[in-house]
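Readers should treat all values here as calculations from the given coordinates under stated rules, not as data from a laboratory. All figures in this text were calculated on a predicted structure; none of them were measured in a lab. Using ideal geometry, Cβ is built from the backbone for each residue, glycine included, and neighbour counts are taken over all protein chains shown.
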Amino acid sequence: MATRPIRMFGDPVLRTRAQEVTEFDAALEHLIDDMLETMDEAGGVGLAANQVGVTKRVFVYDCSHIEEGLRGHIVNPVWEAIGEETQIDQEGCLSIPGVQKDTERFQTVKVSGQDKDGNPVSMVASGLMARCIQHETDHLDGILFLKRLSPELRKEAMAELRNAEWNQEPRG
Ligand code: NI
């Protein structure tokens, strides 16, 4: 296992829709192992493959501080809301360090997909885990959480981004 560099806001791969996984091979297992290690090192609760520059539909998650065993991966995830209830809480992203904003998400979702061997998996999740599923699946569609903010908070976030130390490449 090894960590991989996390792609930062501005990298086109973060705006790219990832492709369905069709080959459940050693390369996929290797990718998942590396993503778990990368997420752990960065202290995140989730990481999508495009955040390490791979446009395959897979994400890893770790909400085990909330519920034991809530750690793993999902390949080709598809979610649907269970009920209409939403939650608003601070959300951040390893690709946008330092920016955290109240973000509205569904409270409870059901996610279905596959594991690394291609077996079907599904889970019903609420709270942080539900937030994670929605955030990470957005990544796989090339969408960042900034897009889910209210216009006011998005303005705030963009101002913070412009001043962020890690985002100081020259701009013309
Ligand atoms: Ni993210």
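Here are some notes:
- Residue among 135, 30, 73 with the largest mean-square fluctuation in a Gaussian network model of the chain, springs linking Cα atoms under 10 Å: 30
- Normalising the average separation of contacting C-alpha pairs (under 8 angstrom, six or more residues apart) by the number of residues puts the relative contact order of the chain at 23 percent.
- Mean-square fluctuations from a GNM of the chain, with a 10 angstrom spring cutoff on Cα atoms, peak among 66, 32, 74 at 66.
- Among the trypsin sites (Lys or Arg not before Pro) within the stretch 65-172, those in coil by DSSP and having at most 16 neighbouring Cβ atoms inside 10 Å are 171.
- Just checking the listed ones, 84, 156, 37: in the Gaussian network model of the chain with Cα springs under 10 Å, the one fluctuating most is 84.
- Subtracting the Cα-Cα distance of residue 88 and residue 20 from 0.36 nm times their residue separation leaves 21.5 nm of extension gain.
- Under the Debye formula (equal points on every Cα, no solvent term), log10 I(q)/I(0) of the stretch 13-53 at q = 0.22, 0.33 Å⁻¹: -0.79, -1.14
- Normalised by residue number, the volume inside the convex hull of the Cα atoms of the stretch 63-113 is 113 Å³ per residue.
- Under 19 Å from the Cα of residue 155 - aspartates and glutamates, other chains or at least 8 residues apart: 89, 91, 102, 104, 165
- The separation of the stretch 97-133 from the stretch 46-77, counted between C-alpha centres, amounts to 9 Å.
- Helical contribution to [θ] at 222 nm, DSSP H n ≥ 4, -39,500 (n - 2.57), averaged over the chain, rounded to 500: -8500 deg cm²/dmol
- Here is the P(r) of the chain: all C-alpha pair distances, binned every 5 Å from 0, give 1, 9, 17, 22, 22, 15, 8, 4, 1, 0 in whole percents.
- Size check on the stretch 1-82: the Cα extents along the three principal axes, sorted descending, read 34, 30, 28 Å.
- Charged side chains reduced to their Cβ positions (Lys and Arg at +1, Asp and Glu at -1) give the chain a dipole of some 680 debye around its Cα centre.
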